[in-house]
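Note sheet for the following structure.
Every number in this text was worked out from the coordinates using simple rules, so none of it is lab data. None of the values given here were measured: they were computed from a predicted structure. Note: ideal-geometry Cβ built from the backbone for every residue, glycine included; neighbour counts use all protein chains shown.
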Amino acid sequence: KEAIFKIETRAILEGLRLAWKKGIHQLEVESDNVLLIETIVEGVAEDNQLMELRRIHQMVCRGWKVCFRQLPRTHKAVVDHMAKVMASRFTEIQVFEFPPYSMRDLVQEDYFRSSKVNEPID
């Protein structure tokens, strides 16, 4: 579990770095790792022993708006599919301006599922 936590922390850090380099000033970061999101949001990352968490804190303190959101594990079909496809073909970070054609249905389903979860209850 510790290795997974470090890998996911590194992925968020690299995503933040990439967004910053591209000039993105508003960003929403989603993860199904409750502990990681809570650690970042609650400010514990600043004094954490894990260097990547401290760097995430430093990046978030820059002049931009970053929102972290915890997703239920059931809403990560897109991420799982991308990881499987990319792991078999590439060894470096891949950037997609638009989702690959094979992913469009999954993205749409994930979006609708997420929208329903966030709808107010009457």
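Pulled fully out, how much extra length does the chain show between Val41 and Glu14, if you take 0.36 nm times their separation in residues and subtract their Cα-Cα distance?
Taking 0.36 nm per residue and subtracting the Cα distance, the gain is 8.0 nm.
Around His57, under 12 Å between beta carbons, what's the net of Lys plus Arg minus Asp minus Glu among the other residues?
-1
To make sure I understand the rule: partners must be aspartates and glutamates, Cα under 18 Å from the Cα of Lys21, and not fewer than 8 residues away in the same chain. Which ones qualify?
The reachable aspartates and glutamates, counting only those whose Cα sits under 18 Å from Lys21, are Glu52, Glu92, Glu97.
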